[in-house]
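Notes follow once the structure below has been shown.
The values are calculated or read from the model by the stated rules, or taken from the named source; none is laboratory data. Fair warning: this is a prediction, and the values are worked out from it, not measured in the lab. Heads up, the Cβs are rebuilt from the backbone with ideal geometry, glycines too, and the neighbour counts pull from every protein chain shown. For accessibility, only protein heavy atoms count, side chains too; no ligands or nucleic acids. Shrake-Rupley method; radii C 1.70, N 1.55, O 1.52, S 1.80 Å.
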Amino acid sequence: MNAREEVLARIRAALGPDDPSKPDSVTPRLPPAGPAYRTRGPLAGERLLDLLAERLADYRAAVRRTTASGLAAEVAAALAGRGARRVVVPPGLTVPLPPTVEAVADDGRSPLSPSPLSPQDLDAVDGVVTGAAVAIAETGTIVLDGSPDQGRRAITLVPDYHLCVVRAEQVVELVPEAVARLAAEAGSRPLTWISGPSATSDIELSRVEGVHGPRTLEVILVAPAEHQDAASAV
């Protein structure tokens, strides 16, 4: 069978016979085609986090590495380095903020925020702090799915600075692995795929950042518990 015949055979197989009650004697029975790409990667642990950190840096994102016990200090250092004093915080985020930083709620239940923040409100804050749904090491991509620790899409698109906390168990190597993790909620939640700070280029390839999203993306990678235990033992 040449390439043309194979293509036509697959089309006939997908369409089925003209009369479903009669077998199609023309179309050969082809085995179902499996994916012609990798669906799982071999990396795990520190090597997986190293790859993600490398790819994030390639996209000009700032990367910090820590453990669960050092997360609060790393968040404080990141916000201090940015000079942030007021940041938007999704209602389900459990990451502690330093006392010098005001957490601006976006849940509509705070006396200071009786309704979700407007675009003007979001533009006036110093940044936003969120969690993540999944991160893809091979592409340096972070995916947000609107869960309570990430909030609605607007809060990560309007502010100029996004500090995102990614935990080791949320990191996969390949895009198909991320899609499989997101499949259960993909039909009911908007997904935001972030590969570095927002950037675009004109016809002369002049790079401009912050056009349709944050100008600065900073990611804190939180190592798994066993790394923390090993460090304590040393």
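Assorted remarks:
- Accessible area per residue for the stretch 130-184 is 30 Å², calculated with a 1.4 Å probe on protein heavy atoms, without ligands, DNA or RNA.
- Counting Lys and Arg as +1 and Asp and Glu as -1 over every other residue whose Cβ lies under 14 Å from the Cβ of residue 189, the net charge comes to 0.
- Computed from the C-beta positions of residue 38 and residue 183 and an R0 of 22 Å, the FRET efficiency is 0.80 to the nearest 0.05.
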